[in-house]
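Readers should treat all values here as calculations from the given coordinates under stated rules, not as data from a laboratory. Everything numeric in this text was worked out from a predicted model, so none of it was measured. Cβ atoms come from the backbone with ideal geometry, glycine included; neighbour counts cover every protein chain shown.
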Amino acid sequence: MKLVPDPLEIGEKEGFTDKNDLFGYREFGQQLANVVQSSDGPLVIVLDGPWGSGKSTFAQQWAGLLRNSNTPVIEFDAFANDHYNDAFLALTIELKLAADTILKRSPKGAKKLVSNFAKSAVHATLALAPIGVGAAIKVATVGILDQKLIEESSKTIKTTIKAASDEIERSAIDAIESRLKQASDERRMIHQFKDDLHRLASELGSNSAASSETDKTDVGPDRRKHPLVIIVDELDRCRPNFSLDMLEKIKHIFSVKNVVFLLITHMHQLEASVRGAYGSDTDARAYLEKFFHLRITLPSPSAKDYGDTAATRYIDAIWQNLNLGEDTQDDLECRKLLDKIARKNLLTLRSIERLAGQISLAKRVLKGTKLSVPDLYVPLCALRHLDPSKFRKAETGELKIEDIQSLLNSESQKSFTKFWRFLLSGSKQHGGLTAEDVTLGWIKHYFGPFGPYDKIVIDAARAISRFKLIT
C-alpha cells in the first residue's frame, strides 16, 4: 500500500480517451486546438485555474491531441527548471532538445536550422546579460581615479581633481560609446534569434507529419499551417523572479510568427508574485494581462456528471494505484464513502488524491485496533482535509452530529447518521437510541458492549492527527 498515488501517465500521442478523459474535456480540447491550429501569428494563451483543478492532466491530453493532428508540440515544466538563473536559457535548451528529436529524420537542411538556432541562442544569451551603463563607468574609472590620487599626491588638490575629472570624462564617454555599440550588436543578435526561431518553428510544423508513425500521407500544404505549440506548465509554482522573467522573455524574445504558447498557471498566485516584486499597490492583473492574448478556463462539470462519472472513476483509478485493498468489505466501504464525500463537496482531482492518501495513512495507523472502521476514520480524514476546525472538535470531544452530516447528501445519511449519533451519545443512550437500534450489528463487535463511545471518536481523531501527509 502506497501513501501517494503515482502521477497519471498519459502517452505523448494518447490524447483524450474514454479511459483518461474523466471530466469530459475532449470537446473543449478540440475547440482550443481549432483556435491554435488556425493561428499564424504570435499567440500567448493562459490556462487559468487553481491548484488541483486538473490543468496539467488536460495539458498532457491536449498535447497528444495536437500531435495526432500533426501539430508540433513542446512541453516545458517551468517548476522543474527554475534552478536556472535565466528563464531564456532554460526555455532555449528545451527548445533545442525537442527540435533535435522532432527533426531527427529530417533532411540535412532542417538539421542546419537547429544548428543555426543554437548558435543564435548563444549570442542572444550573451546579449541579454544584465550589464548597466553605470556599472561599466564605475569599473572603467575607479582604478584610474585611485591611481591619480596616489601618483600626483605632491600636486595641489585642484590640479589632481581636474586631471582625474578629465580622465573620468574621457573614460565615461568611451564606456558609453562602447555600450551603445554593444546595444546595437545586442539588438541585432536578438533579431537574429527571433528570425531563426521563426524558421525553426515553420520547419517543425512542416515536418511533424512526416515523422508521424500513424499518418505518413498528409503531405499537403495544410500541414504547414500548423504552428509550433509550446506548453509551459507549473509557472505559478516557480520562484517569483523566475516566473516573471519567463513571462518577460516569452513576450519580448519568443513572440514570433508561427509560435503559440499555452501557459498553465493560477493567475491568483502569479498576481501575488507581481505584487511581491513591484509593491502591494501594483495592479497585478493589469500588469499580467499585457503578456497574454487569450485567457481560458477549464469547463466546470455539473454536480451530476461529477458525482456519477468522474469522481467515481477517478477514485477507482486511485484505489488501484495505491493498492488500498483487495475488494474486502472495509475496502468497498472506504471507496463508497469517499465517492459520496467527493460528490457532495465537488472535490478537485488533487483533493481526491490527497484525501485518498490520508485514508491510506489512517488505515495503516489504525490497523489492528478497534478504531479501524471505515465509517469512523474516513469521515474524520475528510473533516481534517476539508474543515480543520471541525476536526479539532472531534479531538476534544465537541463534535456535533451536524458537523458529520455536512459531509454527505441527505439521501446517503440514514444509516451513517444513526451510527455517528450513537458514537457521539457518550455513555448514555441518546434519545432512547441503543446499539441494536442502529441496525449495524458490528458496532459492539468492534467497539465492545460498553461505552463511553464518544471516547472512540476522540481516540481515532487524535491518532489520525499525529500523522499528516504532505503532498
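Things worth noting here:
- Taking every Cα-Cα distance in the stretch 337-410 and sorting them into 10 Å bins from zero, the calculated P(r) comes out as 19, 53, 26, 1 percent.
- Added length on full extension, which subtracts the Cα-Cα distance from 0.36 nm per residue, SER389 to SER406: 4.8 nm
- Length gained on full extension, GLN320 to GLU398, computed as 0.36 nm times the residue gap minus the Cα-Cα distance: 24.5 nm.
- At full extension, LYS13 and SER415 could sit 140.1 nm farther apart than now, given 0.36 nm per residue minus the alpha carbon distance.
- Near ILE231, the amide H atoms lying under 5 Å from its own belong to ILE74, GLU75, PHE76, LEU262; only residues 5 or more places off or on other chains count, and H is placed 1.01 Å from N.
- Modelled this way, with points 7 Å down the Cα-to-C-beta line, the labels at THR348 and LYS104 are 3.6 nm from one another.
- As a calculated quantity, the FRET efficiency between SER280 and VAL365 at R0 = 35 Å, using C-beta atoms, amounts to about 0.25.
- Residues in the stretch 244-275 reached by a label modelled at VAL35 [backbone nitrogen below 19 Å; 7 Å Cα→Cβ]: 251, 255-268
- Backbone N atoms of the stretch 32-47 closer than 20 Å to the 7 Å Cα→Cβ label point of GLN269 belong to residues 45-47.
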